[in-house]
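All remarks here apply to the structure that follows.
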Amino acid sequence: MQQIKKRGLSSRLNISTYANFGYNAGGSACGLTPSVYLYRNSIGQNFVSATLLAEDEDFTIPAPAGYYSEFDSTEGEVVSRYWNGTAFVGAPELCG
């Protein structure tokens, strides 16, 4: 992850946000109470645009694989996304 940060994203774009996520290892995280604190990059200050999810603010320890949910201000509702341990995969799910 550190190599991706240095080559692919400038430090200006890679500002971290410490957020409280709902988490489910096996399926959608919609409807789950936030209980997992992780860092995500803050592109546009919303979860839908984030490309990194990690246990540390330097993004060197990727978050475990699974479905994560967070309120997204752009969408105006909670969004669930699948993180495979290195990248978000598939389209975000609006929890509405």
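Each reported figure results from applying straightforward, stated rules to the coordinates on display, with no laboratory input. The structure presented is a predicted model; accordingly, all values stated were derived computationally and were not measured. Here the Cβ positions follow ideal geometry from the backbone for every residue, glycine too, while neighbour counts run over all protein chains shown.
Things to note:
- Here r is the Cβ-Cβ distance between Thr33 and Glu77 and R0 is 25 Å; the resulting FRET efficiency, rounded to 0.05, is 0.95.
- Point-charge dipole on Cβ atoms (K/R +1, D/E -1) for the stretch 2-94, about Cα centre, debye to 20: 380
- Cα lying deepest toward the dipole's positive end in the stretch 2-94, options Val79, Tyr67, Ser49, charges on Cβ: Ser49
- As a rough footprinting exposure proxy, the listed residues Thr33, Thr60 were ranked by other beta carbons within 10 Å of their own, and the order from fewest upward is Thr33, Thr60.
- Packing rank of 85-92, 16-23, 48-55, where each peptide gets the mean count of other beta carbons within 10 Å, highest leading: 48-55, 16-23, 85-92
- Computed from backbone phi with θ = phi - 60° and the Karplus coefficients 6.51, -1.76 and 1.60, the 3J(HN,Hα) list for the stretch 67-74 is 9, 10, 10, 7, 5, 10, 5, 5 Hz; x is used for glycine and proline.
- Reduced Cα scattering model of the chain, Debye log10 I(q)/I(0), q = 0.11, 0.18, 0.22 Å⁻¹: -0.27, -0.73, -1.10
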